[in-house]
Amino acid sequence: MVKILIVTGTPASGKTTVAKKIAKKLKADYIDVNEIIDKYHLAVGYDKERKSKIIDVDRLNDILEKLIKNARKNLVIDSHLSHYLSNKLVDMCIVTKCELKELRRRLEKRGYHRSKIRENLDCEIFDVCFMEAVALGHKVKVIDTSSFRKRPRRK
């Protein structure tokens, strides 16, 4: 039986690192939702204040549902929007969490604007992804990624 895992969390909280590790361990297909958004032109606008794309989540979910229904092997879906999928389609929702100091460092390293950093820190403080995933009926597991750091390359 095919297993569907979703990985959600605040931007820079370690979703991609966790999702790729799980996919490799389970020999599952990894789905980067950002690639789906670009491939199917799901950005319906741009929020200048937040400096981010506005995504048609209903269309995104329709596409992800088709991918899930056609899956022949386990899937790991990586996105801070993935928890909006129906809990009937998902076996486990993994929420990545990160200490605020480390999350701020990661967001700054990515070049996020000060207001976007504040917004994402607030999302982490108020456990937005976790609370929404629970409210939507997902079976949730939390992984703290605060200690995850990219190792410097050896010369």
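We did not get these values from a lab; they are worked out from the coordinates using the rules stated. Values in this document were obtained by computation on a predicted structure and should not be read as measured data. Cβ placement follows ideal geometry from the backbone for every residue including glycine, while neighbour counts extend to all protein chains displayed.
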Cut-off 13 Å between beta-carbons: net charge of the residues surrounding Lys139, Lys and Arg +1, Asp and Glu -1: +2
Cβ-based net charge around Asp91, under 10 Å, with every Lys or Arg adding one and every Asp or Glu removing one: +2
Dipole in debye (nearest 20) - segment 1-76, about Cα centre, beta carbon charges: Lys, Arg +1; Asp, Glu -1: 520
Residue among Tyr40, Thr16, Ser52 farthest towards the positive dipole end of segment 1-52, charges placed on Cβ: Thr16
HN-Hα J in Hz across segment 68-83 - Karplus 6.51, -1.76, 1.60, θ = phi - 60°, x for Gly and Pro: 5, 5, 8, 5, 9, 9, 4, 10, 10, 9, 10, 4, 6, 9, 5, 6
Inter-label distance, nm, simple model (7 Å from Cα along the C-beta direction), Leu89/Glu108: 3.9
Cα centre as origin, Lys/Arg/Asp/Glu Cβ charges: segment 1-143 dipole, Debye: 620
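Less than 14 Å Cβ to Cβ from Arg59, Lys/Arg counted +1 and Asp/Glu -1: what total charge do the surrounding residues give? Walk me through the numbers on the way to the answer.
Values: positive: Lys39, Lys53, Lys66; negative: Asp38, Asp56, Asp58, Asp62, Glu65.
So the surrounding residues net to -2.
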